[in-house]
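Notes to accompany the following structure.
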Amino acid sequence: MPAGNRRQFLFVSSGAAAGSFLASGFAEAADVAPLDFSQSGLATGSPKALKHKEIPGFLSAQQIAPHHTAHYGGALKAFVAIDAKFEESFQKGTAIDLPAFETLQRQKSSRGNSVVLHELYFDGLALKAPDPAEELRRAIEKRFGSLEKWAADFISSAKAAAGWAMLVVHPVNGRLYNVVSDEHAQGPLWLAMPLVVIDVYEHAFYIDYQNRKPEYIEKFMTHIDWDEANARFHTVHEHGK
C-alpha cells in the first residue's frame, strides 16, 4: 500500500446500477477520529443506538426497526446470556455439562460475531454517501485495477453471499479483499478489519425489496458511509506504518 499521508484515503460511489460504479470526485480527509467501541453492545450489554432510523430512497423505518431490534438486538441478548453462563461457571467453579458447553461455545462465536457485524453494517450506512478521499481510492485501484472493478466484484460477492459481504483490509499484509460469510462464525479472514459491510440475509431487505436482492445491493452502494470506512482503514494503516 502507498506509504503517503495515512490521513487521506476514502472513496465513494455516486451511483451504482446494473453492476456499475461511478465515482463523482474526491475529497481530502482531514484528521480522522479513532474508532470508538465504547458504545458497542459487547461493551455495554445494550443495543447500540442507530445513526439513522430510516434512509429515504433506500431503507424505510419499517425495514430498519425490526432488523435492529429483533436480529441485532436478539443476537446481543443471546450473547449476553451465554457470556453470563460462562462467567458464573468461572466465578463459582461449576462445570457446564459437555453437550451444553459445546452448544454454548458455538453460539458464543455466532451471536458475538452477529453483534459486531450488525454494528459495522448499521454504522456504515449514510443518508447520502460522502465524497471520497484519495489514499484508499489509490489502494483499491492498485488492488482491483479500478474503482469500477472493485464495485463489480463487491456487488457480485454480495449477490453470491447468503449472509454477509465485506471489503476488508488485512493488517498482516496490508491487502484488500472482498470476502463473504454465510454464517456469522465463518467466512471472514482472522484479524481483518471490515471497511464496508453489507447484510444480505433476507431480514435486511425483505420488507422494502421482497425478493429483489440485486436492487437492494445496488442501492446500498450509494449509501455507504465512507467516512466511517475511512476511520476503519485509518486504524489499521496507522498501526501498520
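With protein chains left intact and a 1.4 Å probe, residues in the stretch 141-184 average 42 Å² of accessible area per residue. Volume per residue for the stretch 112-209 equals 111 cubic angstrom (convex hull of Cα atoms).
With protein chains left intact and a 1.4 Å probe, residues in the stretch 47-120 average 56 Å² of accessible area per residue. For the set Thr69, Thr222, solvent exposure ranked by accessible area (probe 1.4 Å, protein chains only) runs largest to smallest as Thr69, Thr222.
Taking the centroid of alpha carbons for each part, the stretch 146-172 and the stretch 38-69 are 23 Å apart. Per atom type, the stretch 66-219 shows carbon and sulfur on 55% of its accessible surface, probed at 1.4 Å.
Between Leu98 and Lys149, what length comes free when the chain is fully extended (0.36 nm per residue of separation minus the Cα-Cα distance, one decimal in nm)? Before the final figure, lay out each step's value.
Values: separation 51, 0.36 × 51 = 18.36 nm, distance 4.83 nm.
Result for the pair: 13.5 nm of gain on full extension.
For the residue pairs Lys77/Lys159; Lys108/Lys219; Lys53/Lys77; Lys53/Lys85; Lys142/Lys219, the alpha carbons lie more than 23 Å apart in Lys77/Lys159; Lys108/Lys219; Lys53/Lys85; Lys142/Lys219. Only protein heavy atoms count here; under a 1.4 Å probe, Arg137 has an accessible surface of about 50 Å².
The values are calculated or read from the model by the stated rules, or taken from the named source; none is laboratory data. None of the values given here were measured: they were computed from a predicted structure. Just the protein is used for accessible areas: all its heavy atoms, side chains included, with ligands, DNA and RNA removed. Shrake-Rupley method; radii C 1.70, N 1.55, O 1.52, S 1.80 Å.
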